[in-house]
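Structure first, then comments.
The values are calculated or read from the model by the stated rules, or taken from the named source; none is laboratory data. It should be emphasised that the depicted structure is a prediction, and the values quoted were computed from it without experimental measurement. Cβ: placed from backbone, ideal geometry, glycine included. Neighbour counts: every protein chain shown.
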Amino acid sequence: MKKDVAVIGGGPAGYTAAAKAGKAGLSVVLFERNALGGVCLNEGCIPTKTLLYSAKVYDTAKAAAKYGVEVGPPSFDLQKIMGRKNKIVKKLAAGIRASMAEAKVTTVAGEAVLRGRTDDGSLLIACEDTVYEAGKLLICTGSEALVPAIPGLDGRDYRTSREALTTAELPASLTIIGGGVIGMEFASLFNSLGSTVHVVEMQDEILPGMDREIAGLLRAEYVKRGVRFHLGWRATLVEESSMVLEKDGDGLHLPAEQLLVSVGRSPVLSGFGLETLFGELGYGGIKVDEYMRTAVPNVYACGDVTGRSMLAHTAVAEAEAAVGHILGEGRPMSYKAIPAVVYTNPEIACVGATEEELKAAGADFRVKRVSMASSGRFVAENEMGSGLCKLLTASDGRILGAHVIGNPASELIIVAGMAIEMGMTLEQLSSFVFPHPTVGEIWKD
């Protein structure tokens, strides 16, 4: 069966690429071995944010008296929360299937395996009992939870983010290995619902790679809420109901009746016959250029499988760049202003360079800080709440980075991202008229 384009993987990169190519008139086949939507829709972005919103509503109900509203002692039903999450995932999955049909994409459920190339350079992909031939191939196989080799871990029950999303009973206590984005989001969720939460992070601050000042403010907020952080400690042994941690020669025995492993994700590189095209593959992901082309002619790679920026919106942008190149549109992928968000309560959002990165590069830069409390809308909607908006600028005023803690940071950050991508200065950004009262006015401040 011949197609212009074959796509392996139906996550954000894969279904975006398939839809764009199909709508442009190319014949497309999309292979997905699990469920359309990939990890993002089925085991990541959407289900976690749905659960976190329920937790946020519960937090709001508990704090209702601050706003002059009496609701009585609030409670929650975990089964109904999980049921709502499943309903939303199902609804959005149906939307993706509809978009594939609209774009006339042939969707194949099953394990796609590369079988090499034809004499004219076309790619051969086998799935079930059918072999497909395609002029172009996009590899969008995504990533999977990384499980560290801690002695004793494989001998006991533990959860990754996948299992945590199907929690049937709220744990009284939860120990999370890894204080990155995923770890902190689950810490936020279970803390809000009443679990005692421990977070073990081997670095000396949570959210490694993000702005340290902002990360420290989030950690301080969750310390107030009862989350217990163990920074700089390395897990060296996992036992039946506890863990052994080590730090600078000291040891600590930490209870761990329920364990969540959240130390990152790794590209999915095996099981698809990629070695038939690339030879031996390492663990860092498939290398690509600015148009997402691999070293193999007519083969592109997008999304987490490249190992560069494991975010769903990055995957979408990469897929658009790849298919654009196939169509001759030629827009290269830019990583200059990729926003990142931590959907805790309060949220964190950032884009561009961090203060630490600029210092390490010896850059000449300025730091501008404004309290979120300078926004009337923020004060009105966040009783006793605090937050910070931080802008990093070059000596000529160009915006290099933006970092925000405070709701709704996730909805604000794109303004700074656009400014960074377009090379705007503070003066140019402040020349825009922002509606009042909005939290977004913080950028003008």
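Among residues belonging to the stretch 313-354 that are under 26 Å from residue 381 (Cβ atoms) and touching a Lys or Arg at 6+ places or on another chain (Cβ under 6 Å), point out the one that is surrounded by the fewest Cβ atoms within 10 Å (Cβ to Cβ).
Within the stretch 313-354, the match that is surrounded by the fewest Cβ atoms within 10 Å (Cβ to Cβ) is 345.
Of all residues being among the acidic types (Asp, Glu) and more than 19 Å from residue 406 (Cα to Cα) in the stretch 206-246, which is modelled with the highest pLDDT? Just the residue, please.
It comes out as 246.
Return the pairs, sorted by first residue and then second, in which the second residue is among the charged types (D, E, K, R) and assigned to a strand (DSSP E or B), the first residue lies in the stretch 214-234 and is under 22 Å from residue 370 (Cα atoms) and in contact (Cβ under 8 Å) with a residue 12 or more places away in the chain, the beta carbons are less than 8 Å apart, and the residues are 6+ apart or on different chains.
Cβ pairs passing all conditions: 214/390.
Residue by residue, here is whether (1) within 21 Å of residue 315 (Cα to Cα); (2) basic (Lys, Arg); (3) assigned by TED's automatic domain parsing to the domain that holds residue 192; (4) modelled with pLDDT of 95 or more holds:
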position	(1), (2), (3), (4)
8	yes, no, no, yes
18	yes, no, no, yes
31	yes, no, no, yes
44	yes, no, no, no
47	yes, no, no, yes
54	no, no, no, yes
58	no, no, no, yes
61	no, no, no, yes
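Which condition number in (1) in contact with a strand residue (DSSP E or B) (Cβ under 9 Å, 6 or more places away or on another chain); (2) closer than 16 Å to residue 14 by Cα; (3) among the small types (Gly, Ala, Ser) is the one that residue 315 fails?
(1)
Step by step: first the residues of the stretch 1-35, then only those that are charged (D, E, K, R) and not in a loop (DSSP other than H, G, I, E, B), then the one that is nearest to the chain's Cα centre (by Cα). Which residue is that?
Per the stated criteria, the residue is 32.
Can you spot a residue in the stretch 375-384 that is among the hydrophobic types (A, V, I, L, M, F, W, C), more than 24 Å from residue 309 (Cα to Cα) and at pLDDT below 95?
Yes, that holds for at least one residue.
Residues that are within 23 Å of residue 80 (Cβ to Cβ) and touching an Asp or Glu at 6+ places or on another chain (Cβ under 9 Å): which strands (runs of 3 or more DSSP E) entirely in the stretch 108-199 hold 1 or more of them?
Here the list reads 173-177.
If I ask for residues that are loosely packed, with under 13 Cβ neighbours inside 10 Å and not in a helix (DSSP H, G or I), which ones from the stretch 36-76 would you list?
Of everything in the stretch 36-76, those that are loosely packed, with under 13 Cβ neighbours inside 10 Å and not in a helix (DSSP H, G or I) turn out to be 68, 69, 70, 71, 72, 73, 75.
Rundown of residues vs (1) outside the structural domain of residue 208 (by TED's automatic domain parsing); (2) in contact (Cβ under 8 Å) with a residue 24 or more places away in the chain; (3) touching a strand residue (DSSP E or B) at 6+ places or on another chain (Cβ under 6 Å), yes/no style:
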site: 271; (1), (2), (3): yes, yes, no
site: 289; (1), (2), (3): yes, no, no
site: 295; (1), (2), (3): yes, no, no
site: 308; (1), (2), (3): yes, yes, no
site: 319; (1), (2), (3): yes, yes, no
site: 334; (1), (2), (3): yes, yes, no
site: 350; (1), (2), (3): yes, yes, yes
site: 361; (1), (2), (3): yes, no, no
site: 380; (1), (2), (3): yes, yes, no
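Look at the stretch 411-426 and say how many of its residues are buried (at least 16 other Cβ atoms within 10 Å of the Cβ) and not in a helix (DSSP H, G or I).
Qualifying residue count for the region: 1.
Under the condition of being farther than 18 Å from residue 213 by Cα and either surrounded by 15 or more Cβ atoms within 10 Å (Cβ to Cβ) or of a type in the set (Gly, Ala, Ser) (or both), which residue from the stretch 382-398 is nearest to the chain's Cα centre (by Cα)?
Filtering first and then ranking leaves 382.
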